[in-house]
Amino acid sequence: MPEARAGTSIFQHLTQYSDLLRYNSNVRWLWFSHVLSLFGDWFNFIASTQLVAQLAPSPLALSILVGIRTVSPVFGAPLVPYVVRRMRRRTLLIGADVIRFFSVLALLLIRSPEDLWILYTMIGLQGFLAGMFMPVRMAILPKIVTNEHELGTANTLSSLSWTAMIALGMSLGGVVTAKAGINVSFVVDALTFLGSAGLITLMHYERNTGPDQPRGTGTPATDERVTYPDLFRFLRVNLDFLFVGSMKTVVTVFSFVPTQVLQVMLSYRYEHIGPSAIVVGIIFGIGGLASFFAPLVTRVFTGNDHMKLRHAVTMSFLLTGLGMWLQAPIPPFPVLLFGVALRNVGAVLIWTFSSQILLSRVPAAMRDHVLSAEFLLLNLAGILGVVLPALTSGNPDRGMPIAFFALGMCFAVGAGGWALWLIRGRYSLPEVERE
C-alpha cells in the first residue's frame, strides 16, 4: 500500500473528530452536553470570585472558595461504584445536572457578606456532584463507541474541549459579568446545566443487564479482586508509576489552584486595562488558548514515543516554572500574558503526557485503581494550593511576587528530579522500545 501524503494524513487526522460527531449521535449529544456544562462552569467561576471580591475582598475568602471547589469532588467520586449499581449512569448524569441547575439559582439569593455561606455551600454541592458526574461521563464513552479508535478520538475530543472552554468560557464570562452583572452570569450557568441534562436525554444506547453491568460475562463492572493494599504494593514495586501518577497532583497544588487565586488578585493591579472581571477573562482566555494548541503542536514532535514524551515532561516542568517567574515582578500586561501562556502550556503538557504514560503502561487489572487514586490524591492535595495565596493576604504587593517565585522554584526542582530519574533509567517502557 503506498504511503499517504503528509497533507492527506493531517487532514484525515483532523476530520476524524468531525466524522465521529457526525455519525455517532450518542457521542455527539454527550460531547455537546460536556461543552455546554464546561462553558457554564467558567461563567460560574468568574461570577463567584467577583462576588467574593465585592462582599469580602480578601485573599483568604478567595482561597476558601477555591479550596471548596477543589476538595468537594473528592467526597462524590468514591460513591460512584455504589450509585451506579442502583441506577443507570444516564439517569445519574441527568439528575446531577438538574440538582446543579437549582443550586446555581440559589446563588441569586446572596445579598450581603452574611450570605456567603450560601455561596460556599452551593459551590460545595456542585463540586460534590461534579465528582460523580465526571467519572460517570467518562465511563459511558466505551458503551457508545464501536471500537478502540473511536474511544481514543472521543477521549481526545473531550480533553481539547476542556481547554477550549477555558478560553471561551472565561473570556465571555468576564465580559458578561462586567457588563451585565454577576447574577446574569449565574443565570447563564444555571441554564447550561439544564441544557446539558436535556442533551443527555437524547442519548439512546443499549441498556446492559442490571445498572451498567456487562451481560453474561459474570464479571462485575469493577475488578473486586484488586484491593487498595494491592495497589500500594504495586506502586511500591513500580515507583515509576508512582512518580508519573503524582504529576497531576504537583500541577494542581503548585499551578492550577494557587494561580486561580493569584491571578484574580493580580487583576486589580491592571485596572488601566479594564474592570477586574475583564482582566481575569483575558488572563484565563490566553491561558486556555495556549493550553488548547500545546498538545496538538507538541504531539507532532513526540508522537507516541515514550522517551520523547518523558523528555517533553522535563521541558514542561521548566516552562511552567519560567511562566511563574515571568509573572513574579507583576510586569507589564503583555509580559504577564506571555508568562500565563508559558505556565499553561507547561502545566497542560505535564497533565496530558502523564495521562498517556499511565494509560499505555499500567496493567489493565490495576488501571482503574491507579487512575482513581490519582484523582482522589490531586483533589485532596489541592487544598494545599490555596495556602500560599492565603499567606499573601497581609501584604499582597510583596507577597504575590514571592508566591510566584516560590511556585516557579517548585517546578524547577520537579524538572531536576524528573531528569535525574530519567538518567537513572529505572522506568517502564513498552517492550518494542526496549529492543
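The values are calculated or read from the model by the stated rules, or taken from the named source; none is laboratory data. Values in this document were obtained by computation on a predicted structure and should not be read as measured data. When we count neighbours, we look across all protein chains shown, and the Cβ atoms used for this are built from the backbone with ideal geometry, even at glycine.
Once the range 233-257 is narrowed to residues that are at pLDDT 85 or above and under 16 Å from Phe404 (Cβ atoms), the residue that is surrounded by the fewest Cβ atoms within 10 Å (Cβ to Cβ) is Val253. Quick one: how many residues across the range 158-200 are surrounded by 22 or more Cβ atoms within 10 Å (Cβ to Cβ) and aromatic (Phe, Trp, Tyr)? Number of matching residues: 2.
Restricting Thr302, Thr314, Thr320 to those that are within 15 Å of Trp421 (Cα to Cα), hydroxyl-bearing (Ser, Thr, Tyr) and in the same structural domain as Ile273 (by TED's automatic domain parsing) reduces the list to Thr314. Scanning the range 267-305 for residues that are over 23 Å from the mean Cα position of the chain (by Cα) and in a helix (DSSP H, G or I) yields Tyr268, Arg269, Tyr270, Ser276, Phe301. Of everything listed in (1) in contact (Cβ under 8 Å) with a residue 12 or more places away in the chain; (2) over 27 Å from Gly67 (Cβ atoms), the single unmet condition for Val279 is (2). Listed here are the helices (runs of 4 or more DSSP H) enclosed by the range 1-83 that have at least 2 residues being surrounded by 15 or more Cβ atoms within 10 Å (Cβ to Cβ) and at pLDDT 75 or above: 6-23, 25-55, 59-71, 73-76.
Among residues of the range 104-128 being of a type outside the set (Val, Ile, Thr) and crowded, with 21+ Cβ neighbours inside 10 Å, the one that is farthest from Leu21 (Cα to Cα) is Leu119.
Against the definition (modelled with pLDDT of 80 or more, touching a helix residue (DSSP H, G or I) at 6+ places or on another chain (Cβ under 9 Å), assigned to a helix (DSSP H, G or I) and buried (at least 18 other Cβ atoms within 10 Å of the Cβ)), how does Leu337 come out, yes or no?
Answer is yes for this residue.
Criterion applied to Ala197, Ala178, Ala190 was being modelled with pLDDT of 65 or more, farther than 30 Å from Ser246 by Cβ and in contact with a Pro (Cβ under 8 Å, 6 or more places away or on another chain), and the one residue passing it is Ala178. Looking at the range 396-421, which of the residues that are in contact with a helix residue (DSSP H, G or I) (Cβ under 6 Å, 6 or more places away or on another chain) and aromatic (Phe, Trp, Tyr) is modelled with the lowest pLDDT? Per the stated criteria, the residue is Phe404. Scanning the range 63-112 for residues that are in contact with a Phe, Trp or Tyr (Cβ under 7 Å, 6 or more places away or on another chain) and polar (S, T, N, Q) yields one hit, Ser72.
Here is the figure for the range 85-114: residues that are more than 26 Å from the chain's Cα centre (by Cα) and without any contact (Cβ under 8 Å) to a residue 12 or more places away in the chain total 3.
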